[in-house]
1. Looking at (1) among the aliphatic types (A, V, I, L, M); (2) surrounded by 21 or more Cβ atoms within 10 Å (Cβ to Cβ); (3) within 16 Å of the ligand (Cβ to nearest atom), which is the one condition that is false for Leu126?
2. Given the criteria in contact (Cβ under 8 Å) with a residue 12 or more places away in the chain, hydrophobic (A, V, I, L, M, F, W, C) and either away from the ligand (no atom under 14 Å from the Cβ) or not assigned by TED's automatic domain parsing to the domain that holds His215 (or both), does Ala149 qualify?
3. I'm trying to understand the selection: among the residues of the range 135-154, which are surrounded by 15 or more Cβ atoms within 10 Å (Cβ to Cβ) and under 23 Å from Glu95 (Cβ atoms)?
4. Quick one: is Leu36 closer than 20 Å to Arg247 by Cβ and exposed (fewer than 15 other Cβ atoms within 10 Å of the Cβ)?
5. Only one of these is away from the ligand (no atom under 16 Å from the Cβ) and within 30 Å of Leu54 (Cα to Cα): Pro192, Pro196. Name it.
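The values are calculated or read from the model by the stated rules, or taken from the named source; none is laboratory data. Please read these numbers as outputs of a predicted model, since none were measured by experiment. We place every Cβ from the backbone using ideal geometry, glycine too, and count neighbours over all the protein chains shown.
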Amino acid sequence: MRDINQFTITEAVKKSFRSEEGSRFKFLLETLIDHLHDYTRETNLTHEEWMRVLMFLYDCGQISTPDRHEFILLSDVLGWSALVDMINTRGGATEGSNLGPFYLENAPKKALGADLAGPREGVSVLAYGIVRDTLGHPLPGAVVDTWQADGTGTYPIQESGQDKYDLRGIFETDKDGRYYYTTVLPKPYTVPYDGPVGDLLRAGDRHAWRPAHLHYMIRAKGMRAIVTELFFENTEYVDNDAVFGVRRSLLTRVEPYKADKAGNPPLERKPDAMLRFDFVLAPEG
Ligand SMILES: [Fe+2]
């Protein structure tokens, strides 16, 4: 170890961890050490730059709370979250996209046809479609868990005095795999930019806006769950989402509501517009 130098240190560090041979943990750790050391040699990282990175990470920790995950935001703006979503999407299944910071477990269960928006302002829209498997078979009893911002781009959980479970619902598909409910079209919003990640965006002359979107988590027995988002064609920021969540396959078209075209679903509230999206789940394993 005393003959260690900038080229032999990488192997020495890897060897110092006595992790189980052939384990996934060993593989992940050793690959991380390889890339971290390569990055440092390749950039000739100075002490000042190295300390700047560490202080940036320290600042991310300092501003984080149970309701604010600055490291997830960092991962999002670096495209890391999106990359993990991409490489974990199964062939034939709906593409995954960001979970985001506003998911809540145990949202209220709602009957098909329910309205999530209540008296909120904005364009009332029917969201509907079928949940299928990769062979095209409808999946009855699939769980469609959705959450979203309102017609001003705000999540109720962000505002004091609001019910944090507003604009959320868990639906179960009917015998034909259908889901349908009405809500209000969300508006774009910014990711939090008053912390270190905001400083990073400003340093790179980047904005903090996300295009309007609906969040979904779809589950069904024996199928691999998906977490994804739906976006709307021809709306602001779909081509420059601050967190790289948009995929062409997740863009939907909002059309004027026509009951016949939507299959005459029984609705609590008559909407102005409608959008259809069929989700596809791949088998588990
Ligand atoms: Fe969101």
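1. Single failed check for Leu126: (3).
2. On the way: in contact (Cβ under 8 Å) with a residue 12 or more places away in the chain: yes; hydrophobic (A, V, I, L, M, F, W, C): yes; either away from the ligand (no atom under 14 Å from the Cβ) or not assigned by TED's automatic domain parsing to the domain that holds His215 (or both): no.
No; evaluated as a whole, the condition is false for this residue.
3. Pro138, Leu139, Ala142, Val143, Val144, Asp145, Thr146, Trp147, Gln148, Ala149
4. Working: closer than 20 Å to Arg247 by Cβ: no; exposed (fewer than 15 other Cβ atoms within 10 Å of the Cβ): yes.
For Leu36, the condition - closer than 20 Å to Arg247 by Cβ and exposed (fewer than 15 other Cβ atoms within 10 Å of the Cβ) - is not met.
5. Details: Pro192 fails: away from the ligand (no atom under 16 Å from the Cβ).
Answer to the check: Pro196.
Every residue, every condition in (1) in contact with a Ser or Thr (Cβ under 6 Å, 6 or more places away or on another chain); (2) among the polar types (S, T, N, Q); (3) under 25 Å from Ser64 (Cβ atoms), yes or no:
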site	(1), (2), (3)
Tyr155	no, no, yes
Lys164	no, no, yes
Lys175	no, no, no
Arg178	no, no, no
Gly195	no, no, yes
Arg202	no, no, yes
Ala208	yes, no, yes
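Yes or no, residue by residue, for (1) surrounded by 17 or more Cβ atoms within 10 Å (Cβ to Cβ); (2) not in a strand (DSSP E or B); (3) not aromatic (Phe, Trp, Tyr):
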{"position": "Lys175", "(1), (2), (3)": "no, yes, yes"}
{"position": "Tyr216", "(1), (2), (3)": "yes, no, no"}
{"position": "Val227", "(1), (2), (3)": "yes, no, yes"}
{"position": "Phe231", "(1), (2), (3)": "yes, no, no"}
{"position": "Asn234", "(1), (2), (3)": "no, yes, yes"}
{"position": "Tyr237", "(1), (2), (3)": "yes, yes, no"}
{"position": "Phe244", "(1), (2), (3)": "yes, yes, no"}
{"position": "Ser249", "(1), (2), (3)": "no, yes, yes"}
{"position": "Asp260", "(1), (2), (3)": "no, yes, yes"}
